[in-house]
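A.B. asks: Let me begin by handing over the structure; questions about it come next.
Each value in this text was obtained by applying a stated rule to the coordinates, not by laboratory testing. The structure presented is a predicted model; accordingly, all values stated were derived computationally and were not measured. Ideal geometry is used to build each Cβ from the backbone, glycine not excepted, and the neighbour counts take in all protein chains shown.
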Amino acid sequence: MKLMMRYLLRYKKLLLANFLCVFGFILIELGLPTLLAQMIDGGIADNNPSEIYRTGGLMVVVVVVGIVLNILLGLIGAKMTTNVIRDIRDDLFEKMQTFSHTEYEKLGVSSLITRTTNDPYQIMLFLGMVLRTGFMTPMMFIASLYLVMRTSPNLSLTVLIALPFLLIGVVVVAKISAPLSDRQQKNLDKINSILRENLSGLRVIRAFVNEDHEEKRFQKVNDEYTSSSKKLFKLMVSAQPGFFFLFNIVMVVVIWLGARQIGAGTLQVGNLIAFIEYIFHALFSFMMFATVFMSYPRASVSARRIEEAFATEPLITSPVNGVTETKTHGEVVFNHVTFAYPGHTEQPVIRDVSFTASPGETVAFIGSTGSGKSTLIQLLPRFFDVTSGEITIDGVDVKEYKLDALRKKIGYIPQKATLFTGTIEENLRQGKIDATPEELDAAIDIAQAKEFIMEKPGQLQEELAEGGSNFSGGQKQRLAIARAIIRRPDIYVFDDSFSALDYQTDAILRARLKEVTLQSTVFIVAQRVSTIMQADRIIVLNEGEVAGIGSHRELLETCPLYYDIASSQLTEEELA
């Protein structure tokens, strides 16, 4: 409830207006039975037409005011709930932007999607009930109970006897529904996870003819979600008839006892009708409040999951007074760097790596799969933090930089070229928002992307499908490279970014890259020896350790591992 109240209190004026509407609506609802009793006992029973017209006119005014207040109550409640859910989603998304890979792995991407979409929706449904009936029903119940006891203390005993049974039912239902709600949301996480995997891996699934297996896997989780949902909904649905059954018993007893009192002359007809109305409002208010109370566990589960995401502190944070500017640009030093994934410190994937790279140099990394090449360069922009040792850029430890300042120094092109829904230009401008048309043109020309872009009907305004699926792998890589070139960073990091290019395009692109990287430090991770042969230095990695450092020619003579890799890819003439 703290989460919901924290966001509700952002709209204090609307909350006050909601309370005023609720208070006014209660006066209207309870005023009508009172006026009705006056009309019956003072007008109809005494054959007084003027009293009937006067009271009837007041009732019409009260009804109109009640309708207006009810409409305002709905509008205010809708505005507050939609604003609150918008704020929760905005803040949650902003929080997720600070997470490192470790937090995403801990909470789960699919779970975070559910926490940003379905969980706030559950809170919105609950807040809608609270603002419309949750605030109203306790006050309505107390006021109705007071009027019941004032109108007929004897008849009011029937209500007091029924209340404990109603209260026990509410507590039992709420206690049972909490674990069911928790299970339901966790099953929804699993559904999202399988759905994401299935859609992203659709080609692999079809290639191995595994559609039936995936359908069964999804059906199993979906059945579990359906089972928990059925139990929850059955519980909620069965509670309401139980309340109405008890409610009807109370009404029958009241009418029977009231009729006897009217026969004995101790109660007037108007008062009995008003009493029945008061009881109706009292019991109906209690039932509505019980419905809100029973819905709370479900909203509470969603709120707890959101709070868990808010409470998760990222391992990688930006220093408050971090460095933003340096005198030099592109000097990189790895000083005895060791790295192990959080929770696996006994199994480092990078061990005691040291080297220096200066502006204008190209440093390449090669090694067998799993040797730690990509992990090593992901330490530069602090996607992970080193376990021991240090990495400095321009003489400053990367941990001492403001994160945005550090990452602006680096143009990172990942292994998998990630593009976003939108136009080609919008994707390129992610490298530099205010890039000029000339800068865009130069970048796509250097990245060898101009030809295929110009062939598209929309050219730079051509729309990309989700993940750039309407472009080939090589085209996506060239667009990702162009996006980094636009930034003109101090350090370029190519993480196997040429793997989808043909040899000719690869050679031309790397030759053109030299035009813009003369004053920059360039890191290249590659599987193909031909891609890195011209690098100033090549670092050979083997199981996270440096197996050799040198030029292509030097390593052929001094590093057996590099020679084995090269000989498997190059001809004897190229090795000579």
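A.B. asks: Among the aspartates and glutamates, select those whose C-alpha is under 12 Å from the C-alpha of LYS2, and discard any that sit fewer than 8 residues away in the same chain.
C.D. replies: GLU307
A.B. asks: Can you list which of the chymotrypsin sites (Phe, Trp or Tyr not before Pro) found in the range 143-225 are DSSP loop residues with at most 16 other C-beta atoms within 10 Å?
C.D. replies: Filter output for the range 143-225: PHE208.
A.B. asks: Still on this model: Can you run the Rg to Rh ratio on the chain? Use alpha carbon positions and the Kirkwood inverse-distance Rh.
C.D. replies: 1.19
A.B. asks: For SER181, SER302, which order do you get if you count the other beta carbons within 10 Å of each Cβ and list the fewest first?
C.D. replies: The fewest-first ordering by Cβ neighbours comes to SER181, SER302.
A.B. asks: Cβ neighbours within 10 Å, averaged per peptide: list 59-68, 482-491 in order, most packed at the top.
C.D. replies: Put in order of decreasing packing, that is 482-491, 59-68.
A.B. asks: Scan around TYR401 for amide H atoms under 5 Å from its own, H built in the peptide plane at 1.01 Å from N, and keep only partners 5 or more places away or cross-chain.
C.D. replies: VAL323
A.B. asks: For a footprinting-style exposure proxy, rank HIS281, HIS336, HIS552 by other Cβ within 10 Å, fewest first.
C.D. replies: Going from least to most buried by this count: HIS336, HIS552, HIS281.
A.B. asks: Turning to a different aspect of this structure: Under 16 Å from the Cα of LYS220, which aspartates and glutamates turn up, not counting those fewer than eight places away in the same chain?
C.D. replies: The reachable aspartates and glutamates, counting only those whose Cα sits under 16 Å from LYS220, are ASP189, GLU197, GLU211, ASP212.
A.B. asks: Return the sequence-ordered ³J(HN,Hα) values of the range 117-126 in whole Hz as given by the Karplus equation 6.51 cos²θ - 1.76 cosθ + 1.60 applied to θ = phi - 60°, using x for Gly and Pro.
C.D. replies: For the range 117-126, the Karplus-derived couplings read 10, 6, 4, x, 5, 4, 5, 4, 4, 5 Hz, x marking Gly and Pro.
A.B. asks: Could you tell me which of the pairs LYS186/LYS230; LYS327/LYS373; LYS190/LYS476 are separated by over 20 angstrom between their Cα atoms in the structure shown?
C.D. replies: Cα-Cα > 20 Å for LYS327/LYS373; LYS190/LYS476; rest within.
A.B. asks: Then there is this: Set the Förster radius R0 to 60 Å, insert the Cβ-Cβ distance between GLU515 and LYS12 as r into 1/(1 + (r/R0)^6), and round the FRET efficiency to 0.05.
C.D. replies: With a Förster radius of 60 Å, E is 0.50.
A.B. asks: Note down the relative contact order for the range 418-472 as a percent, whole number, built from C-alpha pairs under 8 angstrom at least six residues apart.
C.D. replies: 59
A.B. asks: Starting at the first residue of the range 49-57, write each ³J(HN,Hα) from the Karplus equation 6.51 cos²θ - 1.76 cosθ + 1.60 with θ = phi - 60°, in whole Hz, x for Gly and Pro.
C.D. replies: x, 4, 5, 5, 5, 5, 5, x, x
A.B. asks: Are there GluC sites (Glu not before Pro) in the range 239-341 that DSSP puts in a loop and that have at most 16 other Cβ atoms within 10 Å, and which ones?
C.D. replies: GLU325
A.B. asks: List, in the order given, every pair from LYS95/LYS409; LYS12/LYS95; LYS432/LYS456 whose Cα-Cα distance in the structure shown is over 28 Å.
C.D. replies: Checking Cα-Cα distances, every pair stays at or under 28 Å.
A.B. asks: Given an 8 Å cut-off on Cα distances and at least 6 residues of separation, report the relative contact order of the chain as a percent.
C.D. replies: 14
A.B. asks: A follow-up question, please. Rg/Rh for the range 511-576: what does it come to with C-alpha atoms and Rh from Kirkwood?
C.D. replies: 0.98
A.B. asks: How large is ³J(HN,Hα) for each residue in the range 475-485, as worked out from phi by the Karplus curve 6.51 cos²θ - 1.76 cosθ + 1.60 (θ = phi - 60°), to whole Hz, x for Gly and Pro?
C.D. replies: Couplings: 5, 5, 4, 5, 5, 5, 5, 4, 4, 6, 5 Hz.
A.B. asks: Once fully extended, how much extra length lies between VAL60 and ILE249, figured as 0.36 nm per residue of separation less the alpha-carbon to alpha-carbon distance?
C.D. replies: 64.9 nm
A.B. asks: For Cα pairs less than 8 Å apart in space and 6+ apart in sequence, what is the mean separation divided by the residue count of the range 259-394, i.e. the relative contact order in percent?
C.D. replies: The value is 24 percent.
A.B. asks: For the range 311-373, state which trypsin sites (Lys or Arg not before Pro) are in a DSSP loop and have at most 16 other beta carbons lying within 10 Å of their beta carbon.
C.D. replies: LYS327
A.B. asks: Continuing with this model, one more query. Between beta-carbons, use under 13 Å as the cut-off and find the net charge around GLU466, counting Lys and Arg +1, Asp and Glu -1.
C.D. replies: Taking every Cβ under 13 Å from that of GLU466, the sum is +1.
A.B. asks: Here is a follow-up. Suppose R0 equals 30 Å; then what is the FRET efficiency for GLU463 and ASP502 from their Cβ-Cβ distance, rounded to the nearest 0.05?
C.D. replies: 0.70
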